[in-house]
Amino acid sequence: MQKYYINDWEWYLLKDKSDIDLVHSTYSKQIRNWHRTIEGKRKNYLQMNTEVEGRETLSGSLIYHRDIDSREDSELFHFFLTNECLITLDYHDDSLHLNRHMNIHREIKRAVTPIEGFMIILGSIMTEILYRIDGYEERLDELIWNIKENNSIKTLEKVYQSRHEILIWKNVMMPFLELKIALVEAFSEDVLNGKEFKRIGKRIKRGLTLVDEYEKELNNLVHFEEVVSQHRGNEIMKTLTVLTTLCTPIMAWGALWGMNFKFMPELEWKLGYPLSLIVIVISTISMLYYLKTKGWMGDLLKSKKRNSFFR
């Protein structure tokens, strides 16, 4: 266990659950209840106690990192917050992929209250999340151009993979917004005046705004992909229909002259074969002309332009 005296409040940085017994506080009973509650917790959890004015507490567990590909791979820490102290368990700042010059202990010295100290911890985690979202933004930009240059089932798979990833980020960040609101609910609106509370609150809002906007972009991409796929599907069906129609005269005349009736005068004609070819060709051309005059051919006879969605 590490204990830090910061301004007029204390921060207990616990590395193991057994360290909880070393915490000496007037909130011992609430801390023991918190200890029992978090036993085996691997999900987000939040509990508030406002029974006694001036002795409010906010406690719980927070997932602050989650792997995109594995449901079980996540990092979680537990916290217990009062007006006098902050207790964190299993919080590992070095597990974050931040620049080494950033030190949470140096940052947290700015906090006037344990509430602001807790917000600085949340802000440090949000900095990491925003750093990762910057990498996501690059991949999303590449995906947007892939839709135009190489629109295929593989690209559609990437779109839905990106959609899943942004849902994970949103799922990670939503508890931060809940915590921000819960802090005001538990410790009154006085916390809104804290400098660090305002700063980190803006950072949380920025992260959620980015995720919302990226989600809208992905929804537009999905809708766009559906429109393109539907159009191409219609074009394929139209092409098959036209080809079937154009082949109808050949199949009809072939079926007629392929009958094995005893009396078929065409079989005795000297010029029957070339005449049958002429009839088939004229019938096919007539069908093609009819389709074109009706406008049912569309762009089937035009070559597809490069990097074009529909032509």
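The values are calculated or read from the model by the stated rules, or taken from the named source; none is laboratory data. These numbers come from a predicted model, not from an experiment. Please note: Cβ atoms are built from the backbone with ideal geometry, for glycine as well, and neighbour counts cover all protein chains shown. Note: areas computed on protein heavy atoms with side chains; ligands, DNA, RNA excluded. Shrake-Rupley method; radii C 1.70, N 1.55, O 1.52, S 1.80 Å.
Mind checking which residues of region 146-190 are over 21 Å from the mean Cα position of the chain (by Cα) and either open to solvent by 20 Å² or more (accessible area, probe 1.4 Å) or within 27 Å of SER74 (Cα to Cα) (or both)?
Kept after step one, since they are over 21 Å from the mean Cα position of the chain (by Cα), are these residues of region 146-190: 149-150, 179-190.
If the condition is that a residue be over 21 Å from the mean Cα position of the chain (by Cα) and either open to solvent by 20 Å² or more (accessible area, probe 1.4 Å) or within 27 Å of SER74 (Cα to Cα) (or both), then GLU149, ASN150, LEU179, LYS180, ILE181, ALA182, LEU183, VAL184, GLU185, SER188, GLU189, ASP190 are the ones that fit.
For region 108-118, check the following and say yes or no: at least one residue is part of a loop (DSSP other than H, G, I, E, B), closer than 27 Å to LYS29 by Cα, open to solvent by less than 40 Å² (accessible area, probe 1.4 Å) and modelled with pLDDT under 85.
For region 108-118, residues part of a loop (DSSP other than H, G, I, E, B), closer than 27 Å to LYS29 by Cα, open to solvent by less than 40 Å² (accessible area, probe 1.4 Å) and modelled with pLDDT under 85: absent.
Give all pairs with beta carbons closer than 6 Å in which a residue from region 1-29 that is of a type outside the set (Ser, Thr, Tyr) and surrounded by fewer than 19 Cβ atoms within 10 Å (Cβ to Cβ) meets a residue that is at pLDDT below 80 and not in a helix (DSSP H, G or I); count only pairs at least 6 apart in sequence or on separate chains.
Once the first residue is of a type outside the set (Ser, Thr, Tyr) and surrounded by fewer than 19 Cβ atoms within 10 Å (Cβ to Cβ) and sits in region 1-29, its partners that are at pLDDT below 80 and not in a helix (DSSP H, G or I) give ASP19/MET1; LEU22/MET1.
When you check TYR5 against the structure, is it farther than 30 Å from HIS164 by Cβ, in a strand (DSSP E or B) and at pLDDT below 85, yes or no? Show your work before the answer.
Details: farther than 30 Å from HIS164 by Cβ: yes; in a strand (DSSP E or B): yes; at pLDDT below 85: yes.
Criteria met by TYR5.
Of all residues in region 205-250, how many are closer than 19 Å to ARG163 by Cα and either hydroxyl-bearing (Ser, Thr, Tyr) or out of contact with any helix residue (DSSP H, G or I) (no Cβ under 9 Å at 6 or more places or on another chain) (or both)?
9
Which one of the conditions (1) part of a helix (DSSP H, G or I); (2) aliphatic (A, V, I, L, M); (3) open to solvent by 70 Å² or more (accessible area, probe 1.4 Å) does ILE121 fail to meet, given that it meets all the rest?
Of everything listed in (1) part of a helix (DSSP H, G or I); (2) aliphatic (A, V, I, L, M); (3) open to solvent by 70 Å² or more (accessible area, probe 1.4 Å), ILE121 misses just condition (3).
For region 220-256, give me each residue that is open to solvent by less than 70 Å² (accessible area, probe 1.4 Å) and either at pLDDT below 75 or over 22 Å from LEU288 (Cα atoms) (or both).
LEU221, VAL222, PHE224, GLU225, VAL227, VAL228, SER229, HIS231, GLY233, GLU235
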